[in-house]
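My questions all concern the structure below.
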Amino acid sequence: MPEKPYDHSQIELKWHERWQDATFYKAEENSSKPKFYVLEMLPYPSGTLHIGHIRNYSIGDALARYKWMRGFNVLHPMGWDAFGLPAENAAIANKRPPREWTLQNIAAMKKTHRRFGFSYDWDREVSTCEPEYYRWNQWFFLKMYERGLAYRKEALLNWCPKCATVLANEQVVDGCCWRHEDTKVEQRALVQWFLKITDYAEQLLDDIAQLEGGWPERVLTMQRNWIGRSEGTEADFTLDPDGSPIRVFTTRVDTIYGATCVILAPEHPLNAAILDDEGKARAKAMVDARANRDPGDIEKEGFFTGRYAVNPYSGEKVPVWIGNFVLMGYGTGAIMAVPAHDERDFEFCRKYGIPVRPVIRPVDGVLAVEPGMKEAFCEYGIVENSGEWSGLPSEDARRRMSALAERKGFGKAAITYRIKDWGISRQRYWGTPIPMIHCPACGVVPVPERDLPVVLPEKIEITGAGRSPLENVPEFVNVTCPACGAAARRETDTMDTFIDSSWYFYRYCDARNSQAPFDPAKIAYWFEIDQYIGGVEHAILHLIYSRFFTKVMRDLGLVQNSEPARRLFTQGMVIAEGVKMSKSKGNVVGADMLAEKYGADTARMFVLFAAPPEKEVDWRWEGAEGIYRFLGRVYRFATRNVPQEERSGESDRKVLRKLHQTVKKITEDFETRWHFNTCIASVMELVNLLYAEEANISATAMREVLEKLALLLAPFAPYVSQEIWEELGGEGVLFHQSWPAFDPELARDDEAEIVVQVNGKVRSRITAPFGTPKEELEPRALADDKVKPFVEGKQVVKVIAVPDKLVNIVVK
C-alpha cells in the first residue's frame, strides 16, 4: 500500500473532535481494579499555556496512559487555582472584573489542554474561585477555629504609604512599591488571622520518615530545614535596673559565660520602653529596610540602647543592643551574643568593637586567646572560665545548666521551631472571604455553618488603594451578629490562596458533593495520591501546607491517611535557547503555536525526549523539528506496510528481538526511573532497524511489530499512535488496550559487552556471543585496535578473563 504523508493537523484534529465528549478518561467508582491516582499540580489561570506547562502535563499524562494500559483504575483530574493577586492587578490595569478575567483565562487554557489530548476526567474539574468550592475553605476555617487552630494577633505587613494599602511580598521590589519605585515600603502592625501550624510542627517533621524513598531527598531536606527544630534552653536576662526579663533562646547555653551583649529584634516589644524617640525611629527604619528580604542577605547593623542586662548564670552586666538580623518570629526575638563561639555574633561584635570572650576549648586543644582570634570556634568542647561548669564537656554542661534554670525559675530546656504560624489574612478582594463577624457586644463571632458560603460580592471597584476593596461594599460589610442580633461588621480580609491549594486534590474525589467537602469513603479508596507531580519551588509552602491540612482533616475524622501523597516527582524547568523563558525576553514558547506548527504529539515527545524529566530542558526549534521528522518516519513506515505483504522473513528474529528488548526497556523505565528520553531513543533505534530490514520482514512479524509500536507510542504521542492503530484495523481507544508483553528470552541480548582492561584500566570494550569461553576472549582482546598500543613492546604477564564480563591484561 502506498505510504501516506504525515499531516499532523489532519490527524490530530480528527481525533481531537472524536475525543471531545468521550467518557474513556473517567475513573471508575467501586472498581475491583487496583487504583492509581496521578496528579499534576493545578495551574494558576494566567491565560495561556507554554512549553513548561506542557512538560509537566506530558509527564503525568504518559504515566496515566501507561497505568490504564496496565489494567489500573486511574484517576487523573485537573482544576484551577483561580484566586490570586494577578486577577486584581489585571482588574486595575484593564478595568475588568477579576472573575471575568479569570473565567476567560480558564476557558482558553482548558481549550489548550484538550487540544493536547491530555487525559483528564473533566467531570471532576474544580475551580477554587467558585462558591461551591470556597465554601469548604470557610468550613475548614470554622472547624479550625473551634479547635483553637485559627486565631488573631498583630503582625507586621508591607505597607505603601502612597497607595495607603498593604502589599503582598511579590509587590515589593528592591524595598519599594511595585507601582512607584520612589516609595519605600514600610512595615505596619495589623491584626491578622493565623492558623496554628506550629501545633503540628513535630508531626510534620517526624512524618517525613513516611515520605523517604517516595519524595525527592532535596524536598525533604528543604522541609526539615523550614520546620527547623532546635533543642536548647530558654533563659531570662534581667534588664538593669528594673529587673524586667529578657528571655533568650539558645542552643548553646554552655557558652553563656562568653555572652558579651544581648541583641533585640528591631520590633521587640521591650523597645517601646527602653528606646528614646531617635532609637525607635532607627529601629523602625531597620524593620522597613528588610521588607520582603531575607535577613541573611542584608548587612548586619545595630546600635546600643544605653541599657544593660544581667546574665542569670554569671551575674555580669552586658550591654543591650538592637540588631537588624534578629527576628521577632524566630525563638524569642532576643539573642545572647557569644562572638567567640558563633560566626554571626563574631561578625557583628567585631564590627562594633564588642568584646570577644572564649569559654569553650577543643577537647584536645587549648582555649583561644583574645585578642588574636580570627574566627569563632563553634564546635562542642570543654567549658572553661564558666564558674562551677568549668571542665565539663559541652553536652553535660548544656544538660545541667538547663536543669538549673528550671529549678531556679529563670528558664528551662526548650524546643523551638523555625516554622511559624501561618498568617492567612490578605487585604485583597479576589480570595475566599474569612467567615467571621465583628460585633461590638460579642466580639469576634463565627458565621454559622448554615450561612456558608460567605459569597464575594460582584461588580465592585478595585483601585489598589486602602486596606481591602471589600471595606467599601456596605451590603457585604454590614450584617447582624448571629449571637445577639445587633448591628455588626463582616471580616473584610480574604484568605491566603495557599488555602485553596492545600486540599483541592481531595475535592477531585467527590467534586459535586454539596453536603460536605467530600465523602470520607471515597477518600479512603483513592488516597494517598500515588504520584504527585510539580515544581520544586513548591517544596516549603504548598507541600507543607497540604501536609498540615491532611493532618487536620485526619484529626477531624474526615480522612484516614496522615500524608497526602505517597510519591512526589519534581520536574526540571524548561528554558529557551539557553535562558529562562519570560515575557520580557520575548522567548516564551506558547503551547497553541506549537500545536499549530508541529502538532501536540511533537511538543509532548520533545519535552520527554530532550532530557530526563527531573533535569532542565533547553527548548530548541531544531530539536522539535527532529521529533517531527521522526513521527513522520513512523507514520509513513506504518501506512506503507498496511496490509502486510508476505516477504522472506530473514530478518524476523533480529527485528523481533529488538522489538521485545524495546518493550522490556520501556516497561522497566515506567516502573522505576521514568527515563522517558531513553525510552523514546529506544523506539527510534527500533524504527531505524525496521527501515533497514523492511524488505526481509514477514507479514506475521510486521503485524506484531506495528501493533506493538503503536502501543509503545501511545503514552507519548497519543494522536499518531491512535491513527496507526486505526490503520491497522484496531478497534477502540488505544490506551484502553493492554500494554504489550515481552518474551524474556527474545528480549535477552545475543551478545555480551565485555570490558577490556590493561593493568586494571579500561582501554576498550568488545562484544561476543554469550558463553564465549575465555580461551577465545583472550586473543580477541589482545588483537583489539584500542588495546594494541598499550601492550606492544611489553611483556604480557597474564590474562584474566571472566566470560560475558571482563578481560584484564597484565603487562610489564
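Counting Lys and Arg as +1 and Asp and Glu as -1, each charge on the Cβ, what is the dipole of the chain about the Cα centre in debye, to the nearest 20? It would help to have the intermediate numbers written out before the result.
On the way: 103 positive and 115 negative charges, 89 e Å.
Around 420 debye, computed over the chain.
Separate question: Just add up the charged neighbours of residue 153: K/R +1, D/E -1, any other residue whose Cβ is under 12 Å from the Cβ of residue 153. Please report the intermediate quantities before stating the final value.
Details: positive: 152, 196, 420; negative: 154, 421.
With Lys, Arg at +1 and Asp, Glu at -1, the net is +1.
Sticking with this structure for a sec: Keeping all protein chains in place, calculate the accessible area per residue for segment 551-704 (probe 1.4 angstrom), answer in Å².
Values: 6420 Å² over 154 residues.
Value for segment 551-704: 42 Å² per residue.
How many nm separate the modelled label positions at residue 108 and residue 21, each set 7 Å beyond the Cα in the direction of the Cβ?
2.7
Which order do peptides 384-391, 56-63 fall in by mean Cβ count within 10 Å, highest first? Present the calculation step by step, with values, prior to reporting the outcome.
Values: 384-391: 15.1, 56-63: 24.2.
Per-residue mean Cβ counts within 10 Å order the peptides as 56-63, 384-391.
Using θ = phi - 60° and the Karplus form 6.51 cos²θ - 1.76 cosθ + 1.60, what ³J(HN,Hα) does each residue of segment 654-665 get, whole Hz, x for Gly and Pro?
Using θ = phi - 60°, the values come out as 4, 5, 5, 4, 5, 4, 5, 5, 5, 4, 4, 4 Hz.
A further question follows. Please give the charge dipole size of segment 223-332, origin at the Cα centre, charges +1 on K and R Cβ atoms and -1 on D and E Cβ atoms. Round to the nearest 20 debye.
Roughly 240 debye, rounded to the nearest 20.
Could you work out the helix-only [θ] at 222 nm for the chain, with each DSSP H run of four or more residues adding -39,500 (n - 2.57) and the total divided by the number of residues, to the nearest 500 deg cm²/dmol?
Details: 26 runs with 284 residues, N = 812.
Calculated mean residue ellipticity at 222 nm is -10500 deg cm²/dmol.
Using a 1.4 Å probe on the protein heavy atoms, what percent of the accessible area of the chain belongs to carbon and sulfur? Walk me through the numbers before you get to the answer.
Numbers: 17280 of 34870 Å².
Of the solvent-accessible surface of the chain, carbon and sulfur hold 50 percent.
How large is the Kirkwood hydrodynamic radius of the chain, counting all unique pairs of alpha carbons, in Å?
Numbers: mean 1/r = 0.0316 Å⁻¹.
After inverting the mean inverse Cα-Cα distance, the result is 31.7 Å.
Let me ask something else about it. Okay, which of segment 253-278 sit inside 15 Å, backbone N to the point 7 Å along the Cα-Cβ direction of residue 316?
What the label zone holds, given the 15 Å backbone N cut-off, is 253-263.
How far is the Cα center of segment 649-665 from the Cα center of segment 564-580, in Å?
Here the answer is 34 Å between Cα centres.
If amide hydrogens are placed 1.01 Å from N in the peptide plane, which non-local residues have theirs closer than 5 Å to the one on residue 229?
Long-range HN contacts for residue 229: 418.
Would you work out which of 759, 728, 506 lies farthest towards the positive end of the dipole of the chain, given +1 charges on the beta-carbon of Lys and Arg and -1 on that of Asp and Glu, about the Cα centre?
My answer, from the dipole projection, is 759.
From Cα pairs below 8 angstrom and at least 6 apart in sequence, can you work out the relative contact order of segment 68-173, rounded to a whole percent?
Details: 64 pairs, mean separation 26.8, N = 106.
Dividing the mean separation by the residue count of segment 68-173 yields 25 percent.
Another question, if that's okay. Can you quote the Å³ per residue value for the convex hull of the Cα atoms in segment 651-702, rounded to an integer?
Considering the Cα atoms of segment 651-702, their hull volume per residue is 57 Å³.
Give 26/110; 33/110; 300/412 a once-over and call out the pairs whose C-alpha atoms are over 26 Å from each other. Mind showing how you got there, number by number?
On the way: 26/110 17 Å; 33/110 29 Å; 300/412 29 Å.
Long pairs (Cα-Cα over 26 Å): 33/110; 300/412.
Need the C-alpha centroid separation for segment 707-732 versus segment 476-555, integer Å.
Computed from Cα coordinates, the inter-centre distance equals 40 Å.
Another one. What translational D, rounded to a whole number of µm²/s, comes out for segment 308-417 from Stokes-Einstein when the hydrodynamic radius is the Kirkwood one over Cα pairs, at 20 °C and 1.002 mPa s?
Values: Rh = 15.3 Å.
In µm²/s, the coefficient is 140.
Determine by what factor the alpha-carbon radius of gyration of segment 44-84 differs from 2.2 N^0.38 Å, reporting the quotient. Working shown, then result.
Values: Rg = 12.9 Å, N = 41, 2.2 N^0.38 = 9.0 Å.
For segment 44-84, the normalised Cα radius of gyration is 1.43.
Using a 10 Å cut-off on Cβ atoms, rank the peptides 93-102, 623-632 from the highest mean neighbour count down.
Numbers: 93-102: 16.9, 623-632: 18.6.
The packing order, highest mean first, is 623-632, 93-102.
Please compute, for the alpha-carbon atoms of segment 514-592, the extent along each of the three principal axes and give them in descending order in Å.
The Cα atoms of segment 514-592 stretch 50, 27, 20 Å along their principal axes.
Could you sort the peptides 408-415, 652-659, 81-88, 710-717 by per-residue average Cβ neighbour count (10 Å cutoff), highest mean leading?
Numbers: 408-415: 15.2, 652-659: 19.2, 81-88: 22.6, 710-717: 25.6.
The most tightly packed comes first, giving 710-717, 81-88, 652-659, 408-415.
Along the charge dipole of segment 59-218, pointing to its positive end and built from +1/-1 on Cβ of Lys, Arg, Asp and Glu, which listed residue (136, 173, 214) has its Cα farthest out?
Comparing the listed Cα positions along the dipole, 136 ranks first.
With just the Cα atoms defining each centre, how far is segment 149-213 from segment 18-47? Give it in Å.
Cα centroid of segment 149-213 versus Cα centroid of segment 18-47: 35 Å apart.
What is the dipole size for segment 430-580, taken about its Cα centre, with +1 at each Lys and Arg Cβ and -1 at each Asp and Glu Cβ, in debye to the nearest 20? Don't skip to the end; give the middle numbers.
Details: 14 positive and 18 negative charges, 53 e Å.
The dipole of segment 430-580 has a size of about 260 debye.
Okay, moving on. Is there a pair in 284/420; 4/654; 420/580; 665/788; 654/805 whose C-alpha atoms are over 30 Å apart, and which pairs would that be? All intermediate terms of the calculation are to be shown ahead of the outcome.
Values: 284/420 22 Å; 4/654 26 Å; 420/580 32 Å; 665/788 35 Å; 654/805 23 Å.
Result: 420/580; 665/788 exceed 30 Å.
What base-10 log of the normalised intensity I(q)/I(0) is obtained for segment 1-50 from the Debye formula, alpha carbons as equal point scatterers, at q = 0.17, 0.19 Å⁻¹?
Evaluating at q = 0.17, 0.19 Å⁻¹ gives log10 I(q)/I(0) of -0.93, -0.99.
Tell me, what is the per residue accessible area of segment 156-243 in Å², probe radius 1.4 Å? If you can, show how the numbers build up before the last one.
Working: 4130 Å² over 88 residues.
So segment 156-243 comes to 47 Å² accessible per residue, rounded to a whole number.
Based solely on C-alpha atoms, express the radius of gyration and the Dmax of segment 375-508 in angstrom.
According to the Cα coordinates of segment 375-508, Rg and Dmax are 26.1, 73 Å.
Sticking with this structure for a sec: Any idea of the accessible area per residue across segment 294-429, 1.4 Å probe, to the nearest Å²?
On the way: 6580 Å² over 136 residues.
About 48 Å² of surface per residue is accessible.
The values are calculated or read from the model by the stated rules, or taken from the named source; none is laboratory data. Nothing here was measured: the structure is a model prediction, and the numbers come from that model. Because the Cβ atoms are built from the backbone with ideal geometry, glycine has one as well, and the counts that use them run over all protein chains shown. Please note that ligands, DNA and RNA were not included when accessible areas were found on the heavy atoms of the full protein model with its side chains. Shrake-Rupley method; radii C 1.70, N 1.55, O 1.52, S 1.80 Å.
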